[in-house]
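Trainee: Quick one: this structure, given as structure tokens, is what I'll be asking you about.
Please treat every number below as a calculation from the coordinates, not as lab data. Every value quoted in this text rests on a predicted model; they were computed, and no experiment measured them. Neighbour counts are summed over all protein chains in view; Cβ atoms, including those assigned to glycine, are modelled from backbone coordinates with ideal geometry.
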Amino acid sequence: MKILVTGGTGFLGRHLVWRLAGQGAQVVFTGRNRASAQLVLAGASAQHSAASAPGRAPRYVEIDHGVADAGRRLLDCAEGADAIVHCAALAAPWGSRQAFARANIRSTAEVLDACAAHRIERLIHISTPSVYFAFEDRLGIREDAPLPPPATEYARSKREAELMVLAAGLPRAVILRPRAIFGPWDQALLPRLLRLMRYGRVPLLRGGRALLDLTYVDNVVDAILLSLGAPSGIYNISNGEPIAAADLFARIAAGFGLPVRATNRPYALADAVARVLELGARLAPGWEPPVTRYSLGAIAYSQTLDLQNARDTLGYAPSVSLEEGIARTAAWWKEQAA
């Protein structure tokens, strides 16, 4: 089976490439960072050898999705593919509408064009539960829940990309909405939190009672592999272990051997500060605010997902617990720092 993975040099993409290589699949992956690609290829080679897997080593194609020649280059490397897993995306708490449109909407258009040109019926599109976020507590959210107005430009772009996938009418298109992915090679979620733990205090907003629902990266890879043989649909993915923000911060601190330095902060005041910082960023293009309304809201309000559809249809069951995921990530982090 030949599988094309966009964004294969990114956090989720590289873990998927490594797993597929270990299973002997024929993999082509795209990315824009050659140095990262070499790390992915080295890791894939190790997985391939350890599993004594048949088949060829993964092939890397340098593509900066959303730029002028990206569509043509993707068409070339998609030839003969049985499935495309679209991981490439710009995921950030701040950025311009144009930047998110280029990275998330135009890249999806490129993928859909490749599917049409080569009659590829199977597409796994990685989306986000950020489309559910509404600055309020939301528990047990189902995939068919009405979506609120987008809280961020990122959520806006990912929702539009989802609509494009649905409109394309592919016979076997799956949209996954994995919540807060973490694990080895994470450069976004845990690093930001660890910086706060090391150099400041983690803010406990609304008493630190918000229920947060994270997903260990290997569990997302499991969901992707299950989706390759599943019917079309939208599926929520998480570890299914909602945990209060204060307890989560304490677990992470313990796993990484850091002191727990958390302090209660009034949410209204923090939100007001974030509004001012965002206004400053709009007046000074290119400057990213150190904190945004969304990044605060994400730890202030509960958001948990109903996984029944993924369990029943995909056969999804998280194989790595939150506790084990934190332990694995901490071990990797310490190894990298040694």
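Trainee: Please report the antiparallel percentage of the DSSP beta bridges confined to the chain, to the nearest 5. The partial results should precede the final answer.
Mentor: Numbers: 2 of 36 bridges.
Among the beta bridges of the chain, antiparallel pairing accounts for roughly 5 percent.
Trainee: Looking at 66, 6, 24, which one has the Cα that reaches farthest to the positive end of the dipole of the chain (charges on Cβ: Lys, Arg +1; Asp, Glu -1)?
Mentor: Value computed over the given set: 66.
Trainee: How big is the C-alpha Rg of region 150-259 next to the rule-of-thumb value 2.2 N^0.38 Å, as a ratio?
Mentor: Working: Rg = 16.9 Å, N = 110, 2.2 N^0.38 = 13.1 Å.
Dividing the Cα radius of gyration by 2.2 N^0.38 Å gives 1.29.
Trainee: Against the longest principal axis of the chain, how steep is helix 322-337, in degrees 0 to 90 to the nearest 10, with axes from Cα atoms?
Mentor: Between the helix axis and the principal axis of the chain, the angle is about 80 degrees.
Trainee: Which order do 11, 135 fall in if you start with the one that has the fewest other Cβ atoms within 10 Å?
Mentor: Details: 11 20, 135 15.
Fewest to most other Cβ atoms nearby, the residues stand as 135, 11.
Trainee: Follow-up. Beyond 32 Å, how much of the Cα-Cα pair distribution for the chain remains, as a whole percent?
Mentor: 28
Trainee: Who wins for biggest fluctuation among 318, 184, 259 in a Gaussian network model of the chain, springs between alpha carbons below 10 Å?
Mentor: Looking only at 318, 184, 259, the biggest GNM fluctuation is shown by 259.
Trainee: Rounded to the nearest 500 deg cm²/dmol, what is the calculated helix-only ellipticity per residue at 222 nm for the chain, with -39500 (n - 2.57) per DSSP H run of length n ≥ 4?
Mentor: -13500 deg cm²/dmol
Trainee: At most 15 other C-beta atoms within 10 Å and a DSSP loop state: those are the exposed GluC sites (Glu not before Pro) I care about. Give me the longest piece of the chain that has none.
Mentor: Numbers: sites that count: 79, 121, 136.
By the stated rule (loop sites, at most 15 other Cβ atoms within 10 Å), 137-338.
Trainee: Right, another one. May I ask you to sort 199, 154, 60, 267 by Cβ crowding, counting other Cβ atoms within 10 Å and putting the fewest first? Kindly include the intermediate steps, with their values, before the conclusion.
Mentor: Numbers: 199 8, 154 25, 60 22, 267 19.
By the 10 Å Cβ count, ascending, the order reads 199, 267, 60, 154.
Trainee: Still on this model: I need the shape label for region 91-177. Rule: rounded when a/c is under 1.5, else prolate if a/b > b/c, else oblate, with a, b, c from the alpha carbon gyration tensor. Before the final figure, lay out each step's value.
Mentor: Values: a/c = 2.90, a/b = 1.43, b/c = 2.03.
Verdict is oblate for region 91-177.
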